[in-house]
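The values are calculated or read from the model by the stated rules, or taken from the named source; none is laboratory data. Quantities reported herein were computed from a predicted structural model and do not represent experimental measurements. For neighbour counting, all protein chains shown are included, and Cβ atoms are generated from backbone atoms with ideal geometry for every residue, glycine included.
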Amino acid sequence: MSKIYFDHSATTPVHPEAAVELSRFLTNNFGNPTSSHYFGRQARKAIEEAREKVAFAIGVSSEEIIFTSGGTEADNMAIHGLAYANRHRGNHIITSAVEHHAVLNTVKALTKEGFTASILPPDRYGRVNVNDVAAAITDKTILITIMHANNEVGTIMPLTEIGRLAKERGIYFHTDAVQSFGKIPVRVDDLGVDLLSISGHKIYGPKGIGVLYLRAKTRWEQTLFHGGAQEQLRRAGTENTPGIVALGKVAEIAVNEQEREADRLIKLRDNLIKGITQKIKGAHLTGHPTERLPNHASFCFEFIEGESLLLKLDQRGIAASSGAACTAGSLEPSHVLTAMGIPPEIAHNSLRLSLGRDNTELEVEYFLKVLSSIAEELQVNP
Ligand SMILES: *Cc1c(COP(=O)(O)O)cnc(C)c1O
């Protein structure tokens, strides 16, 4: 069997149709979208069409879409911009302990500038409890930022309930939807969010492009860059036309295929979960058993050393990860798993399998066979 890629939460291959668009806007249609000549107008038109596709995909109007350099920038822009523009109203931010570092470290940076933060611990499935959010709100709270789905354990957060609460209390609500968009429905009004982040390379688009949705009339200010008037003065710098057009294409594909693809992936995911928890002694599913992403299966092992497992899988041509790609190689156990109460010695032995559009049932079967044989080699006797 050729190589198997089970690491789509880290990044995805570019969809062939998006690659065609990318290439077209890198070569023939290379104009600067701010130029008023033919080349510029062609680029401008393509950007605005892409903006409409993204807006349609999340049920908003296209003026509320800002293109960024990725999920990290969208998270930074959302939180910084909201905090600075509302500091006259208060200085308190609520987030969770299982956020991506793009959110967690942005909030932590703000606490060095006079803001305060409540970093809520999740339950053992990685879910934030709405009552905990309610209890953390003070009259100084200006922002709640809670991710839609967790990248390490696949747990889906109860955003609709948190959104309702935020609205009742007049507090802005941001979500990092980088892992959820394209995999489960992401409709801004159903979730009740005011700001939302998306990244291109997690949804079969290129790296280095992302989206910040900013609800109309949100009190927010541009804080990151000084420069030109692009994106209606909200994000300076010449637009990444190839990336934007490719992102529009994959957003459109996501809308058309999300439901069918989710059904297909859930079957593969559940076969993985069943196979691993039944066959491997001391294997535990991490994250929520049902409220989880269709493509996401994550585990901890009591009797198998995590790094050796990944190494052996790699030797057999299987790409998986221990959790977050960004923390790979660090010796610290995952902040997500430890926040969920998993002991550090077990949190070290984690495995994340994240599926995508090219994965097949055959690959899952083959994987389970390979894993069983590796487990026999590596298993320390309990
Ligand atoms: C990958 C990821 C990001 C960062 O997105 P980039 O486009 O790589 O900057 C942010 N949040 C989550 C949940 C992610 O998985």
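Yes/no per residue for (1) within 16 Å of the ligand (Cβ to nearest atom); (2) outside the structural domain of Leu355 (by TED's automatic domain parsing); (3) in contact with a Lys or Arg (Cβ under 9 Å, 6 or more places away or on another chain):
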site	(1), (2), (3)
Pro121	no, yes, no
Ala136	no, yes, no
Ile146	yes, yes, no
Asn151	yes, yes, yes
Thr160	no, yes, no
Lys167	no, yes, no
Gln179	yes, yes, yes
Ile184	yes, yes, no
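From the list Gly341, Gly323, the one residue that fits, being farther than 30 Å from Asn256 by Cα and in contact (Cβ under 8 Å) with a residue 12 or more places away in the chain, is Gly341. Being among the aliphatic types (A, V, I, L, M), in a helix (DSSP H, G or I), touching a Lys or Arg at 6+ places or on another chain (Cβ under 7 Å) and within 16 Å of the ligand (Cβ to nearest atom) is a property that holds for Ala18. Residue check: Ile93 meets all listed conditions (1) on the phi > 0 side of the Ramachandran plot; (2) more than 16 Å from the ligand (Cβ to nearest atom) but one, namely (1).
Do you know which residues across region 238-263 are farther than 26 Å from Thr27 by Cβ and polar (S, T, N, Q)? Scanning region 238-263 gives Asn256, Gln258. Cβ separations smaller than 9 Å between residues 6+ apart or across chains give no pair from region 348-362 residues that are closer than 11 Å to Glu261 by Cα and not assigned by TED's automatic domain parsing to the domain that holds Ile280 to residues that are in a loop (DSSP other than H, G, I, E, B) and modelled with pLDDT under 95. Per the conditions (1) in contact (Cβ under 8 Å) with a residue 40 or more places away in the chain; (2) under 30 Å from Phe30 (Cα atoms), the sole criterion not satisfied by Thr286 is (2).
Kindly provide the set of residues from region 199-208 that are in a loop (DSSP other than H, G, I, E, B) and either in contact with a strand residue (DSSP E or B) (Cβ under 7 Å, 6 or more places away or on another chain) or under 12 Å from Val250 (Cα atoms) (or both), ordered by number. Passing the criteria: Ile203, Tyr204, Gly205, Pro206. Being over 24 Å from Val188 (Cα atoms), hydroxyl-bearing (Ser, Thr, Tyr) and at pLDDT 95 or above holds for only one residue in Tyr125, Tyr84, and it is Tyr125. Selection of region 73-98 for residues being in contact (Cβ under 8 Å) with a residue 60 or more places away in the chain, out of contact with any strand residue (DSSP E or B) (no Cβ under 7 Å at 6 or more places or on another chain) and not small (Gly, Ala, Ser) yields Asn76, His80, Tyr84, Val98.
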